[in-house]
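Right, one structure below, let's go through it.
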Amino acid sequence: MFDDLTTRLDSVLKSLRGKGVLTEDNVRESLREIRRALLEADVHYKVARDFVKAVETRAVGREVLKGIRPGEQVVQVVHEEMVRLLGGTVSRPELSGSPPVPVMVVGLQGSGKTTTCVKLAKWLAKEGRRPYLVPADPYRPAAREQLIKLGRANGQLVYEGSSDDPVEICREGMKAAIGQAADVVLLDTAGRLHVDDELMAELSAIRAEVKPREVLLVVDGMIGQDSVSVAETFAEKLGFDGVVLTKMDGDARGGAALSIRQVTGAPIKFVGVGESADALEIFHPDRMASRILSMGDVLSLVERAQESVQAEEAEEIAKKLRKDRFDLEDFRGQLRKIQKMGPLSQLVGLLPGVPKDALKEVEKDGGKSLTRVEAIISSMTPGERARPSVLNGSRRKRIARGSGTSVQEVNQLIRQFDDMRRMMKRMNKMSKGGRGVGGRARLGLP
Ligand SMILES: Nc1nc2c(ncn2[C@@H]2O[C@H](COP(=O)(O)OP(=O)(O)O)[C@@H](O)[C@H]2O)c(=O)[nH]1
Ligand SMILES: [Mg+2]
């Protein structure tokens with residue numbers, strides 16, 4: 001996702017970053033480019049305009065222009081504004097209250113409501129809840145069957161009563177949920193191909209009846225601008241508490257994700273990233289912003305890495321990545337090189353997914369945290385390094401003890417390793433697809 005947008009922004013930011021001295025003209029020209037890239041990614045024009053204005057206000061100021069690394073600072077501002085645009089912080093669904101807590105899932109036909117209901121049920125079950133699925137679309141028998149089948153196939157409880165009145169289905173479904181000792185009820189409501197008043201009236205009637213704790217609007221991330229106007233209409237006519245953006249695994253241009261929060265004021269809570277029942281993720285604004293922007297960061301890191309690494313070694317790593325055999329042993333090797341490359345803080349700042357706080361930490365402790373990472377990896381057996389998936393709770397405990405760290409630190413490291421590997425795999429794929437990153441990505445380095 002976001003490939004084109006990322007590539008475009010990357011080149012703008014890279015040219016900014018390279019500049020030792022920035023003039024207002026430099027910055028303005030870059031901002032024009034950013035705006036163009038956003039519009040092409042189908043970001044709502046008002047959102048693109050306001051975004052650029054916000055960055056400009058902060059970036060075209062004296063402090064920034066007098067800074068040590070002005071380009072870097074502007075890139076930082078762009079990132080921060082993008083996080084803000086995407087909602088700032090993670091917004092989890094609000095499911096407190098006396099059980100069963102009703103959640104109403106609404107949206108246009110084909111947006112992914114039914115699939116999302118099943119994904120949510122699975123996600124909730126993992127969170128220790130006991131969800132109950134209620135098919136509340138009486139118009140298309142196939143819609144009801146779909147939820148029953150899909151829900152069952154995924155081991156979830158489904159209401160099977162049939163009435164032709166959606167309000168009655170929801171009311172009865174809530175009662176049945178009590179009988180099943182369920183604590184969350186997911187109401188899979190009917191959709192239409194287009195928003196119409198009849199649909200809104202029906203949804204309002206359901207809402208009045210069951211008083212859902214959450215109304216989640218499901219929006220198809222592939223349809224760009226249209227999804228934003230759909231969301232606007234739902235916001236105006238029905239109101240909702242959060243958005244689930246589906247089909248983000250496809251070649252969505254990213255515009256919907258970037259516009260919806262700003263246009264509707266409601267947070268994106270989940271993203272759907274595939275057809276399977278597991279393909280649902282909590283939406284993280286900062287991660288998403290990094291995904292959109294930080295490709296460039298990875299690439300500049302690679303650029304530096306290139307200087308200190310032998311070509312054949314790099315080829316070896318690329319090969320491992322292709323075969324998905326890049327392991328913690330390799331990771332440690334890379335870390336050692338990073339340490340040699342210094343200045344450390346600069347390099348860590350370029351790593352994707354490393355929050356700024358962590359960067360400050362590293363700066364403060366002068367590289368001790370990397371030493372800790374090394375200690376953790378060194379406390380693993382060769383087998384564990386080769387196959388990190390075997391690292392269960394008790395092994396992690398042992399490793400924490402052996403390396404004089406905490407289980408949290410071990411967990412964090414494994415997470416970082418996973419993220420890094422994913423990122424590197426993507427880069428590797430990109431370079432194979434000849435997407436303009438060419439030789440640098442072939443190195444396949446962090
Ligand atoms: N690739 C992908 N397909 C999805 C996703 N969510 C839903 N779909 C597909 O979109 C189609 C419509 O989904 P459905 O849940 O039936 O939509 P509904 O009409 O709103 O209930 C189905 O083929 C789903 O498999 C997603 O996150 N990624
Ligand atoms: Mg459906």
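Brief remarks follow.
- Extension gain for L193 to S15 (0.36 nm times residue separation, less C-alpha to C-alpha distance): 59.7 nm.
- Residues R422 and S204, FRET efficiency given R0 of 30 Å [Cβ-Cβ distance, rounded to 0.05]: 0.10
- From most to least packed by mean Cβ count within 10 Å, the peptides 5-16, 49-60 give 5-16, 49-60.
- For region 192-207, 3J(HN,Hα) per residue [Karplus equation, 6.51 cos²θ - 1.76 cosθ + 1.60, θ = phi - 60°, Hz, x = Gly/Pro]: 10, 6, 9, 5, 9, 5, 4, 4, 5, 5, 5, 5, 5, 5, 5, 4
- FRET efficiency, Q225 to R325 (Cβ-Cβ, R0 60 Å, nearest 0.05): 0.90
- Projected label points at R84 and R395, each 7 Å from Cα along the beta carbon direction, are separated by 4.4 nanometres.
- When only the Cβ of Lys, Arg, Asp and Glu is charged (+1, +1, -1, -1), the dipole of region 101-285 relative to its Cα centre reaches about 580 debye.
- Here the gap between K46 and Q408, fully extended at 0.36 nm per residue and compared with their Cα-Cα distance, gives a gain of 126.1 nm.
- Cross-link pairs beyond the 25 Å C-alpha cut-off, checked among K247/K320; K14/K247; K122/K320; K119/K269; K46/K122; K122/K319: K247/K320; K14/K247; K122/K320; K46/K122; K122/K319
- Shown is the FRET efficiency for E275 and D4, computed with R0 = 30 Å from the Cβ-Cβ distance and rounded to the nearest 0.05: 0.80.
Just so you know, all these numbers are worked out from the coordinates, no wet-lab data involved. Note that the structure is a prediction, hence the values are computed from the model and not measured. Counting neighbours? That spans all protein chains shown, and the Cβs are built from the backbone with ideal geometry, glycine included.
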